[in-house]
Amino acid sequence: MTPRESSGTGCTSEADPPRIHIHDPTLRDGHHAVRHRLGREQLRGYAAAADAAGIPVVEVGHGNGLGASSLQVGRAALSDASMLEAVREALTTSRMGVFLLPGWGTSSDLRQAIALGADVVRVGTHCTEGDLAERHLDFLRDAEVEAHAVLLMSHMAAPERLAEECLRLVGFGASAVGIFDSSGHYLPPDVSERVAAITAAVDVPVIFHAHNNLGMAVANSVAAVRAGARIIDGCARGFGAGAGNAQLEVVVPVLERLGYATGVDLYRLLDAADFAERELMPAPPTIDSVAVVSGLSGVFSGFKTRVLDIAGREGVDPRDVFFELGRRQAVAGQEDLIVEVAEELRRSSGPPSTPVAAVPGGAP
Amino acid sequence: MDRGRPLTVAVLGAGLIGVDLVTKIRRSPLLECRLVVARDDQARGLRMAAALGCRTSSKGIDALLDSSEPYDIVFDATNAMSHAEHWALLQPTGTRMIDLTPSMIGTMVAPTVNGAEAGRHANVNLISCGGQAALPVLHRLAREISAEYIEVVTTAASRSVGRATRMNLDEYIETTRAAVTRFTGVADSKVMVNLSPAQPPSPFRVAISLLAPAADPERVSVLVEEAAVAMRRFVPGYRIKVCSVADGVVFVAVEVEATGDRIPHYAGNLDIINAAAVHVAERHPAPLGGRT
């Protein structure tokens with residue numbers, strides 16, 4: 001075992017170690033952190049670096065997926081087609097992934113993505129609304145494209161409900177199913193319980209996608225694997241919405257040390273992460289005060305930049321906005337509620353007294 | 001319009017939309033619900049329609065084709081794919097159709113925008129619940145304000161959205177977009193759909209944004225309120241929650257609560273499209289058959 005293959009120690013089993021498939025949404029989830037403004041060279045450069053590291057799937061697109069560029073969640077610098085073309089050119093062995101939220105993107109967006117060379121499509125819905133994916137999973141089955149189905153904001157449903165939804169999604173044709181901790185709300189036992197329930201219910205690989213609002217992204221990914229998850233999402237330097245995702249170049253060697261095989265080349269992975277830090281982001285994601293509140297309140301991490309913009313404009317505390325959005329059980333996509341919540345807070349608090357600039361985390 | 005007798009109508013589909021529609025039809029002195037039809041999988045909706053006092057059938061479109069009794073109007077509350085077939089079969093019979101699916105087949109109508117022309121068309125399409133909520137505001141604004149881009153985001157309570165709508169999100173988006181362009185003349189637009197599982201459920205909500213750098217906030221607020229007043233004449237729970245102009249973006253959030261019916265207050269999505277359906281039906285001209 002060379003250092004370049006693995007940093008693993010203590011893995012002495014004669015049998016092949018269990019395989020974990022790494023799925024890398026750096027160029028999709030990371031878009032949330034830079035207002036969906038990555039350019040062609042950035043996409044191409046990172047995709048080439050990830051490809052060199054042997055990362056199985058490189059996902060690309062607007063943070064909210066195909067067709068999602070909008071005033072509601074942010075307008076992307078590039079069209080979906082330009083993003084996919086840039087990444088496709090750079091990949092030799094890695095497969096290209098895309099993400100679609102039914103109600104945001106449509107089958108026409110899927111058709112275009114497939115024509116541009118998407119190999120793996122993730123269809124996401126809110127955790128209790130899996131049947132919204134039926135139509136698009138049907139479409140992908142007919143198109144013979146690998147389709148994963150994922151449940152967003154999964155902390156909002158009980159383990160049994162998530163297992164039921166996942167079983168239904170397998171019935172619609174998903175070849176892998178799983179959960180996103182979109183708010184970064186979970187602690188490891190929450191993940192273990194949910195992934196175990198899903199793993200017991202379905203006979204396809206189970207996916208886990210972490211966010212780091214409470215500092216648990218890597219620990220939660222480990223808990224997921226131990227509970228039976230076999231597809232783990234990670235982003236270079238954690239580049240993703242809010243406090244970011246599970247840090248890819250950390251989660252991979254940690255899993256290797258635990259005795260799981262990822263097939264990813266450590267040094268090339270670290271090179272890709274260095275490239276990402278240098279070329280994709282003004283600074284790596286950090287768990288700032290707003291991100292902590294977002295995780296505690298159970299609000300979609302992707303709300304952060306809009307909450308900061310609108311809270312600043314209305315002169316209210318963004319932390320209050322997050323807690324009120326959490327109380328209203330806002331789900332991903334309901335960014336339009338932010339204006340109303342901020343206006344109501346302003347009206348109920350009279351003239352602003354707290355300087356909003358005192359709250360850290362104003363950078364996009 | 002005095003016809004001397006109510007128009008006879010039938011309803012295709014007994015999902016969430018169909019059952020509420022039957023309630024509203026029965027309240028109208030101008031409409032008489034003669035039959036509600038569905039397929040077997042909507043047996044529960046059919047039982048509810050029967051409990052409301054309607055004749056029902058589970059034989060789908062065949063129940064209408066077999067009937068010796070011609071209907072003045074057939075409402076289609078099934079799904080966009082089925083509507084094409086229903087229209088092909090019913091068109092030769094001379095029946096008028098009011099289509100509540102996002103099929104884009106009939107002439108698109110929103111009552112306060114172009115309701116007056118509805119009577120001229122044998123097949124009227126009601127676009128979508130989001131279209132019915134957004135178009136009155138958009139149409140009013142677009143007559144005076146030049147917009148480069150329009151965006152509509154609808155959020156309905158999960159429990160108020162049945163299977164047909166869930167399977168028709170693509171059609172919902174494409175039809176609503178086409179209507180936005182048709183009634184505003186703005187080609188660049190986007191429509192998005194959210195479902196909210198919040199408990200207790202929140203009312204149906206439609207967020208409207210226009211990129212309109214020259215918009216005057218005071219004038220925008222007057223126009224938006226005019227549109228709301230016109231809507232409240234037949235959808236009393238239609239409210240403007242937010243109306244703001246900032247950074248060249250006009251942002252209007254509309255909420256629709258269902259009032260006065262058996263459906264829960266949050267199901268404004270059902271209320272607004274069904275109120276539009278009854279509104280259009282009541283203003284239909286005398287039956288094509290010429291009976292009086």
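The values are calculated or read from the model by the stated rules, or taken from the named source; none is laboratory data. This one's a predicted model, so the numbers in the text were calculated from it and none came from an experiment. As a convention, Cβ positions derive from the backbone with ideal geometry for all residues, glycine included, and neighbour counts pool all protein chains shown. These area figures cover heavy atoms from the full protein model, side chains too; ligands, DNA and RNA do not enter into them. Shrake-Rupley method; radii C 1.70, N 1.55, O 1.52, S 1.80 Å.
Exactly which trypsin sites (Lys or Arg not before Pro) in segment B:101-193 are in a DSSP loop and have at most 11 other Cβ atoms within 10 Å?
In loop regions of segment B:101-193 (DSSP not H, G, I, E or B), the sparsely surrounded trypsin sites (Lys or Arg not before Pro) are B:R143.
With θ taken as phi - 60° and the coefficients 6.51, -1.76 and 1.60, list the Karplus ³J(HN,Hα) couplings across segment B:207-219 in order, rounded to whole Hz; mark glycine and proline as x.
Once θ is set to phi - 60°, the couplings for segment B:207-219 become 9, 10, 10, 10, 7, 9, x, 9, 5, 9, x, 5, 5 Hz.
Compute the helix-to-body angle for B:16-27: its Cα long axis versus the longest principal axis of chain B, expressed 0 to 90° and rounded to tens.
For B:16-27 against chain B, the angle is about 70 degrees.
If you scale each eigenvalue of the Cα gyration tensor by 5 and take the root, what three semi-axes come out for segment A:217-298, rounded to whole angstrom and sorted largest first?
22, 19, 8
Nearest 10 degrees, 0 to 90: what angle lies between the long axis of helix B:268-282 and the longest principal axis of chain B (Cα atoms)?
Computed tilt is about 60 degrees.
For helix A:188-201, what angle does its Cα long axis make with the longest principal axis of chain A, in degrees from 0 to 90 and rounded to 10?
Result, in degrees: 60.
Count, for each residue of B:147-157, the Cβ atoms from other chains sitting within 10 Å of its Cβ, then give me the mean as a whole number.
3
If you take each beta carbon of peptide B:249-260 and count the beta carbons of other chains within 10 angstrom, what is the mean?
Mean partner-chain Cβ count within 10 Å for B:249-260: 1.
Under the classification rounded if a/c is under 1.5, otherwise prolate if a/b is larger than b/c and oblate if not, where does the protein assembly as shown fall, given a ≥ b ≥ c as square roots of the Cα gyration tensor eigenvalues?
prolate
Starting with the highest mean, order A:80-90, B:39-49, A:288-298 by the number of other Cβ atoms within 10 Å, averaged over the residues of each peptide.
Listed from highest to lowest mean packing, they are A:288-298, A:80-90, B:39-49.
Out of the total accessible area of segment A:21-279 (probe 1.4 Å, heavy atoms of protein only), what percent is carbon and sulfur?
Carbon and sulfur atoms account for 50 percent of the accessible area of segment A:21-279.
Could you tell me the largest-minus-smallest coordinate of the C-alpha atoms of segment A:289-358 on each of the three principal axes, in descending order and whole angstroms?
Principal-axis extents of segment A:289-358 (Cα, largest first): 30, 22, 18 Å.
Place a point 7 Å from Cα of B:A84 in the direction of its Cβ. Which residues in segment B:105-130 have their backbone N less than 12 Å from it?
In segment B:105-130, the label zone of B:A84 (backbone N under 12 Å from the point 7 Å along Cα→Cβ) covers B:105.
Would you give the gap between the C-alpha center of segment B:118-164 and the C-alpha center of segment A:236-258, rounded to a whole Å?
Using only Cα atoms, the two centres lie 43 Å from each other.
Of the GluC sites (Glu not before Pro) in segment B:154-263, which ones lie in a loop per DSSP and count no more than 14 other C-beta atoms within 10 Å?
Qualifying residues, ordered by number: none.
P(r) for segment B:129-266: what percent of alpha-carbon pairs falls in each 10 Å bin, starting at zero?
12, 43, 34, 10, 0
Can you order the peptides A:168-174, B:194-200 by their average number of other Cβ atoms within 10 Å per residue, highest first?
A:168-174, B:194-200
On a C-alpha basis, how far is the centre of segment B:75-113 from the centre of segment A:289-323 in Å? Whole number, if you could?
So the two Cα centres are separated by 44 Å.
Summing -39500 (n - 2.57) over the DSSP H runs of n ≥ 4 in the protein assembly as shown and dividing by its residue number, what mean residue ellipticity at 222 nm do you reach, to the nearest 500 deg cm²/dmol?
-12000 deg cm²/dmol
Give me the three principal axis extents of chain A from the C-alpha atoms, as integers in angstrom, largest value leading.
68, 41, 41
So, in nm, how far is label B:S28 from label A:T92 when the simple model puts each one 7 Å beyond its Cα toward the Cβ?
Between B:S28 and A:T92, the simple spin-label model gives 6.7 nm.
If you roll a 1.4 Å probe over the heavy atoms of the protein chains, what accessible area per residue do you get for the protein assembly as shown, in Å²?
I get 36 Å² per residue for the protein assembly as shown.
Roughly how crowded by other chains is peptide A:100-112, in terms of the mean Cβ count from those chains within 10 Å of each of its Cβ atoms?
That works out to 4 on average.
Could you let me know the centre-to-centre spacing of segment B:214-234 and segment A:93-147, using Cα atoms, in angstrom?
When both Cα centres are located, 39 Å separates them.
Run down the aspartates and glutamates and flag those whose C-alpha is under 18 Å from the C-alpha of B:K190, throwing out any fewer than 8 positions away in its chain.
Partners within reach: A:D80, A:D109, A:E335, A:D336, B:E148, B:E151, B:D170, B:E171, B:E174.
Using label points projected 7 Å from each Cα along Cα→Cβ, tell me how many nm separate B:Q199 and B:R163, to one decimal.
It is 2.3 nm.
Quick check: pseudo-label points 7 Å beyond the Cα along Cα→Cβ at A:L167 and B:A122, how many nm apart are they?
5.0
Using a probe of 1.4 angstrom, how much of the accessible area of segment A:289-358 is carbon and sulfur, in percent?
53
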